[in-house]
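For reference, the structure discussed in these notes is given below.
Any read-out appearing in this document is the output of simple, stated calculations on the displayed coordinates, not a laboratory observation. Just so we're clear, the structure is a prediction, and the values are computed from it rather than from any experiment. Virtual Cβ from ideal backbone geometry, glycine too; neighbours counted across all protein chains shown.
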Amino acid sequence: MEEPVIVLETQKINAWFGKDQVLFDVSARIPKNRVTAIMGPSGCGKTTFVRTLNGLHLMTPGARSSGTVLLEGTDTSTMDIVDVRKHIGMVFQRPNPFPTMTVYENVLAGYRLTGQRLSREKADQIVEAILNKVGLWTEVQSKLFKAGTSLSGGQQQRLCIARTIAMEPAVVLFDEPTSALDPKSTAIIEELLSDLKADYSIIFVTHGLQQAARISDYVAFFMLGELVEFGETKRVFVGPQDKRTEDYLSGKYG
Amino acid sequence: MVAQPSRSDRREAARERAFTAASLVAAVTLVATIVLFLVQLFITSRTSRAAFGLPFLWHSEWNPVTEKFGALPMIVGTLVTGFGALLISTPFALGIAIFLADYAGRKVAEPVKYLISLLGGLPSVIFGLWGLFVLVPIIGKFEVWFGKLVGSKALVASGTTGVGLLAAIVLLAIMILPFSASLILEALLVVPTELKEGALALGATKWDTIQNVELPYVRRSTVGALVLALGRALGETMAVTMVIGNGMKMPTSLFDPANTLASAIANQFLEATSPIYIGSLIQLALILFVIAIIINVLARVILRRGIQQ
């Protein structure tokens, strides 16, 4: 298989909460237009890792980090954090549409929040196109001006995906986005990923092995804050090179 | 006697009944106090109602010598000082709350929060004293300056005292500030982190997030907090009495000495000797009571809807 193009590279990322170090020298190269799953047992630093990529980690009081994140070759520490977040979108564990905004407004929330004005026509166009992309258009067409929180959990999560990709980011971080959803909604979102990766590079934190196997092209296995193994999903699942990966895959720890 | 319920069981049950009865009595006493209170106010103010009837509410003459009484100047004074204070203090309250919730670190926010609650618990006579000896002279000077500015001889001539509506408004604004600021702060602190992070992750700055996510989220609780603060301002007695100047005429400018419902009662209850004078003062109390109830119910309704949302 040919070498993939790299969209995002981390070099020796370390992260702390107060005195507790939670990430140790994590260096990873995330391929463009692929789904990269971040997996590992609870508390292994998966979520912290993706939160260091868009600087949300530092929003927690007492949190620190070090190391370099290169986004398409540019060191993100030289960029304004607001710009970094425009290029690296994020979908959270629990659906978090803005409760004071309608479905329509939620799709355009990124524009409104960053003070970008859109003409009515352009706005309508974006909303329809983006909702189509996440498969919500036919479902919510009649509810566009109801509160975003009036949708079902699965629909809310797709609405959050919609508002994220409406900003045309290069990379989208998914932090266990299906862990609060029922199996059917989970399946819809998993299916959606294979469409989305044509346009975006996806980093997907998951707790479940099966989910990682189903959805990802590449997989990063974390344990106790270390990146233990990184590679094509098939290769890692069939022939893990590290003993710890092998133990995890065979179910030796949670 | 059947032996099944042991002695300690029976003692337990008896205690249970005793506590239930005791707390029931306490609760009934509270309700009865309020009801009796209202009834008593209503009965003792009947002399005034018999003499003036409903027009008491919109007559603007208050003359103990001729025993003609009308409540309008005091109603106006109450509303003007209350809303004026709210108008001045609201931007500060919002600013303080936003700063403490989103900008100040914990090391700054904690002591400031403590200071705010300290300020809120300060006896109002202290505010009144400060108002009389510090604020009033400043307002007196301002009054003269303003009189010269707009060319009003009346202000320059009469206005050196500084007591009046404006002094009461400024003092009330300061007094209700800790109250509304801490209520708004509490509301801001419960905005879910996931919503703030959701906005930040879309490339919003902190201020974008405050404006478009946090403030809309706490809109209802903020309005509720402000209405509660208004209620405080409308009923505040001691401090207002000390700086408002006990003017019984209908105020025509913010510099005029005036009275609120509460300050009129406090200022005059000692002089009131005739039944009709007393009745009229108690009638003022009834009006204030009703306004206070309306404001509190309103705030509660707004706040409850805020929580359901």
State, as an integer percentage, the relative contact order of segment A:1-148 based on alpha-carbon contacts under 8 Å between residues 6 or more apart. 21
To check you understand DSSP bridge types, tell me what percent of the beta bridges within chain A (both residues inside) are antiparallel, rounded to 5. 60
Counted charge near B:Leu188, where neighbours are those whose Cβ lies closer than 9 Å (Asp, Glu -1; Lys, Arg +1): -3
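Quick one: Cα convex hull volume of segment B:1-144, Å³ per residue?
300
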Under the Karplus relation with 6.51, -1.76 and 1.60 and θ = phi - 60°, whole-Hz ³J(HN,Hα) for segment B:122-134, x at Gly and Pro, equal 5, x, 5, 5, 5, 4, x, 5, 4, x, 5, 9, 10
DSSP loop trypsin sites (Lys or Arg not before Pro) in segment A:18-110 with at most 14 other Cβ atoms within 10 Å of their Cβ, which ones? A:Lys19
Bridge orientation stat for the protein assembly as shown from DSSP, antiparallel percent rounded to 5, came to 60
Where N is the number of residues in segment B:59-151, Cα Rg divided by 2.2 N^0.38 Å: 1.58
How long are the semi-axes of the equivalent ellipsoid of segment B:184-258, defined as square roots of 5 times the Cα gyration tensor eigenvalues? Whole Å, largest first. 42, 13, 9
Using the Kirkwood radius over C-alpha pairs as Rh, can you work out the diffusion coefficient of segment B:1-44 via Stokes-Einstein at 20 °C, viscosity 1.002 mPa s, in µm² per second? 163
Suppose the Debye formula is applied to equal point scatterers at every Cα of segment B:57-308; what is log10 I(q)/I(0) at q = 0.12, 0.16 Å⁻¹? -0.78, -1.13
Determine the shielding of peptide A:111-118 by partner chains: average, over its residues, the number of Cβ atoms on other chains within 10 angstrom of each Cβ. 4
Sequence-distant residues sharing a close amide H with A:Ser152 (under 5 Å, placed H): none
Using each residue's phi in segment B:273-287, evaluate 6.51 cos²θ - 1.76 cosθ + 1.60 at θ = phi - 60° and report the 3J(HN,Hα) Karplus result to the nearest Hz, with x for Gly and Pro. 10, 6, x, 6, 5, 4, x, 5, 5, 5, 4, 4, 4, 4, 4
Computed over segment B:163-309, the relative contact order (Cα-Cα under 8 Å, seq sep at least six) in percent reads 33
State the antiparallel share, in %, of DSSP beta bridges confined to segment A:128-236, rounding to the nearest 5. 55
Of B:Ile291, B:Ile34, B:Ile96, which is the most mobile in a GNM of chain B whose springs link Cα atoms less than 10 angstrom apart? B:Ile34
Which of the listed residues, B:Leu202, B:Leu177, B:Leu132, is farthest toward the dipole's positive end in segment B:57-308, when Lys, Arg count +1 and Asp, Glu count -1 at the beta-carbon? B:Leu202
How high is the relative contact order of chain A, given as a whole-number percent (alpha carbon pairs under 8 Å, six or more residues apart)? 28
Return the ratio Rg/(2.2 N^0.38 Å) for segment A:77-117, where Rg is computed over Cα atoms only. 1.33
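Mean shadow of chain A, computed from the convex hull of its alpha carbons, in nm²?
That works out to 14.1 nm².
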Take every Cα-Cα pair in segment B:164-207 and report what % of them are more than 13 Å apart. 68
Could you give me the ³J(HN,Hα) list for segment B:56-66, computed from phi with Karplus coefficients 6.51, -1.76, 1.60 and θ = phi - 60°, whole Hz, x at Gly and Pro? 3, 5, 10, 7, 10, 9, 9, 10, x, 6, 7
With springs only between Cα atoms under 10 Å, which of B:Asp102, B:Asp256, B:Asp208 fluctuates most in a Gaussian network model of chain B? B:Asp208
Please give the net charge around B:Gly82, taking every other residue with its beta carbon less than 15 angstrom from that of B:Gly82, where Lys and Arg add +1 and Asp and Glu add -1. 0
In 10 Å bins starting at zero, report the fraction of Cα pairs in segment A:1-112 per bin as a rounded %. 12, 39, 33, 15, 1
Rg followed by Dmax, in Å, when segment B:248-309 is reduced to its Cα trace: 16.6, 53
For B:Glu67, A:Glu9, order by how many other beta-carbon atoms lie within 10 Å, fewest first: B:Glu67, A:Glu9
Share of alpha-carbon pairs per 10 Å distance bin for segment A:163-254, given as whole %: 14, 46, 31, 8, 0
Would you mind checking which residues have amide H under 5 Å from B:Trp62's amide H? H placed 1.01 Å from N; only 5 or more apart, or other chain. B:Gly70
Amide H neighbours of A:Phe204 under 5 Å, at least 5 residues apart or on other chains, H built in the peptide plane: list them. A:Thr36, A:Ala37, A:Ile38, A:Phe174
How much net charge surrounds B:Ala93 when only the other residues with a Cβ under 13 Å from the Cβ of B:Ala93 are counted, with Lys and Arg +1 and Asp and Glu -1? 0
Given N residues in the protein assembly as shown, what is its alpha carbon radius of gyration divided by 2.2 N^0.38 Å? 1.35
